[in-house]
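Right, one structure below, let's go through it.
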Amino acid sequence: MLKSKKKIVIITGASRGLGLSLARKFLQEGDLVFGVSRTKRYWASARKTVSHPENFHLSCFDLTREARVKKFIQEIRRRQGRIDLVINNAGYGGGLCRIEDLSLKEWNRYFEGNLVSAFLVSKHVLPVLKKQKKGLLINISSMAGQRAVPRLSAYSASKFGLLALSQCIAKENSEFGVRAVTVCPGGMNTKMRADLFGKKDSEKQQTTDFVAEIILNVIAGKLKVESGGDIVIRHGKIAAIHPCPAA
């Protein structure tokens with residue numbers, strides 16, 4: 001069992017984009033990172049960009065498979081003795097589409113990729129955090145989770161749902177020392193952004209490293225975001241910090 005005081009961190013969507021930027025920063029601090037991705041395609045390139053790759057443990061599976069999510073979390077708890085931080089970052093961006101042209105199958109893909117996955121990870125990690133009487137869960141939403149984007153109705157709706165999920169986690173678990181925060185980045189220079197709006201647009205957006213650094217400041221308490229609250233990071237700056245709405 002691990003005796004170090006370094007953090008045990010779970011990150012979904014960890015092999016590229018914001019997830020990889022976060023993983024790099026935790027690994028630089030000597031933390032252990034357990035990442036999940038739905039493909040192994042980017043694993044080799046991801047490991048080349050991190051320090052202490054031996055502490056970067058990647059798993060490939062479908063986050064909508066509940067039994068697999070449960071097994072993943074239980075194994076980390078058994079081997080490491082604790083889980084300190086969980087970041088639900090995995091997401092599905094799809095493509096631009098008007099509501100009347102959007103199929104139910106595609107609508108469900110957004111909710112499975114952006115919300116169901118976060119729900120299942122949260123559901124099965126909460127008993128661990130509650131037993132420890134401490135732990136932080138961060139849900140990565142979007143500016144689209146603050147105000148809807150036309151032709152991205154399902155993406156917007158699923159990202160709005162992450163706000164509600166964080167708020168419920170916070171309100172249900174405050175007595176156990178478990179906190180939940182939502183991070184809502186504006187546009188970032190990622191493949192998802194480029195696929196939606198083009199490479200030129202993506203290159204004008206804030207970097208994932210910048211957003212990751214802000215998130216680390218939230219985790220460290222340098223930026224105060226109360227449990228159930230959210231932080232908006234847009235155009236390379238902190239645009240807003242919202243408290244958790246009253247019950």
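Counting only helices (runs of 4 or more DSSP H) that fall entirely inside region 166-238 and contain at least 2 residues that are surrounded by 16 or more Cβ atoms within 10 Å (Cβ to Cβ), the qualifying elements are 191-197, 208-220. In region 164-179, the residues that are without any contact (Cβ under 8 Å) to a residue 60 or more places away in the chain form Cβ pairs under 6 Å with partners that are part of a helix (DSSP H, G or I) and among the aliphatic types (A, V, I, L, M), at six or more places apart or across chains, as follows: V178/L129.
Restricting region 1-15 to residues that are modelled with pLDDT under 95 and not small (G, A, S), which is nearest to the chain's Cα centre (by Cα)?
This residue is K6.
Can you tell me which residues in region 34-55 are touching a Leu at 6+ places or on another chain (Cβ under 6 Å) and within 20 Å of I138 (Cα to Cα)? Passing the criteria: only G35.
If I ask for residues that are crowded, with 17+ Cβ neighbours inside 10 Å, free of Cβ contacts under 8 Å to residues at least 60 places away in the same chain and in a helix (DSSP H, G or I), which ones from region 120-145 would you list?
Initially, region 120-145 is screened for residues crowded, with 17+ Cβ neighbours inside 10 Å, giving 120-122, 124-126, 128-129, 135-145.
When the remaining residues are screened for being free of Cβ contacts under 8 Å to residues at least 60 places away in the same chain, the result is 120, 122, 124, 126, 128-129, 135, 137, 139, 142, 144-145.
Within region 120-145, L120, S122, H124, L126, V128, L129, A144, G145 meet the criteria.
Against the conditions (1) more than 16 Å from the chain's Cα centre (by Cα); (2) closer than 29 Å to H124 by Cα, A148 satisfies every one except (2). Determine if region 92-107 includes at least one residue that is touching a residue at least 60 places away in the same chain (Cβ under 8 Å), of a type in the set (D, E) and out of contact with any helix residue (DSSP H, G or I) (no Cβ under 8 Å at 6 or more places or on another chain). No, region 92-107 has no match at all. Among the residues of region 9-31, just one is of a type in the set (A, V, I, L, M) and surrounded by fewer than 22 Cβ atoms within 10 Å (Cβ to Cβ), namely L27.
The values are calculated or read from the model by the stated rules, or taken from the named source; none is laboratory data. These numbers come from a predicted model, not from an experiment. Glycine gets a Cβ as well: all are built from the backbone with ideal geometry, and neighbour counts include every protein chain shown.
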